[in-house]
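Remarks on the structure that follows.
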Amino acid sequence: MASIGHDPSGFKRITFDPFTKGDLQTAVTPQRQVCMTVEERITKLEKTNHVWKLAATGLACALVAIGVYSYEQFSGGSPSEIIRTKRLEIESPIGKTLVTLRGNTGGGGIININNSQGKPVFALTEIKEGDGWMGIYNSQGKVVVILGGGEAGGGHMDIYNPLEKRVVTVQADNTNNGFVGVSDQNGEPKEALTAH
């Protein structure tokens, strides 16, 4: 049981018998009595801790800013004109890769763009003999259109169905004439149109 007594110094003194019922936690202050539960005390400590964390983060940011400013002052003050890396990825806030810039095994560059689920929607690269290549994908990441340099040196376009089978080909043929080829749903060639 708690009992209140008076001290000649003006403080109210509270004694607490832990063997009796009650969860009274107290702090002794001049002229007033403050009672806090364990939960209230933890909440107060968490708030204080949060303030200290914010202060430390702010101090760290300020030190980084001062460091960057100092570096720029001593290095001539101009930003880098070239950024060199072997791979650059841009991610969404949830960690999905949205854009990738990198080199391919043949020595050319690759740009990949993905949708919000991380599936490819666009690719741009170099293929054999230095020809450009562009792929467009559907929302499931399956190729639907390919554009690029053709074998005869002209342009080439392939259109794919949802089964990833090529159903239309448009290109310049090896005699520099136009060519259109149409295939069935399984990708088997059925009709061709060419100018002679």
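Bear in mind these aren't lab numbers, they're just calculated from the coordinates by the rules spelled out. All of these numbers come straight from a predicted model, not from anything done at the bench. Heads up, the Cβs are rebuilt from the backbone with ideal geometry, glycines too, and the neighbour counts pull from every protein chain shown.
Amide H neighbours of Gly150 under 5 Å, at least 5 residues apart or on other chains, H built in the peptide plane: list them.
Gly155, His156
Mind checking the log10 I(q)/I(0) for the stretch 80-196 at q = 0.23 Å⁻¹? Debye, one equal scatterer per Cα, no solvent, two decimals.
So the normalised log intensities are -1.25.
Give the shape of the stretch 131-171 as rounded, prolate or oblate, defined through the alpha-carbon gyration tensor: a ≥ b ≥ c are the square roots of its eigenvalues, a/c under 1.5 means rounded, and otherwise the shape is prolate if a/b is larger than b/c and oblate if not.
Judged from the Cα gyration tensor, the stretch 131-171 comes out oblate (a/c at least 1.5, b/c at or above a/b).
May I ask you to compute the full-extension gain from Arg102 to Val168, defined as 0.36 nm times their residue separation minus their alpha-carbon distance, rounded to one decimal in nm?
Difference between extended and current length: 20.7 nm.
For the stretch 94-150, what is the relative contact order in percent, using Cα pairs closer than 8 Å and at least 6 residues apart in sequence?
Relative contact order comes out at 23 percent.
Would you please give the residues with an amide H less than 5 Å from that of Phe122, counting only those at least 5 places away or on a separate chain, with H modeled from the backbone geometry?
Under 5 Å from the amide H of Phe122: Ile113, Tyr137.
Net charge within 13 Å of Leu163 by Cβ-Cβ distance, Lys/Arg positive one each and Asp/Glu negative one each, not counting Leu163 itself? Mind showing how you got there, number by number?
On the way: positive: Lys142, Lys165, Arg166; negative: Glu164, Asp184, Glu188.
My count for the surroundings of Leu163 gives 0.
Scattering from the C-alpha atoms of the stretch 86-141 alone, worked out with Debye: what is log10 I(q)/I(0) at q = 0.18 1/Å?
-0.61
Taking 0.36 nm per residue of separation and subtracting the Cα-Cα distance, what length does fully extending Thr48 through Ala152 add?
Numbers: separation 104, 0.36 × 104 = 37.44 nm, distance 7.29 nm.
Gain on stretching Thr48 to Ala152: 30.2 nm.
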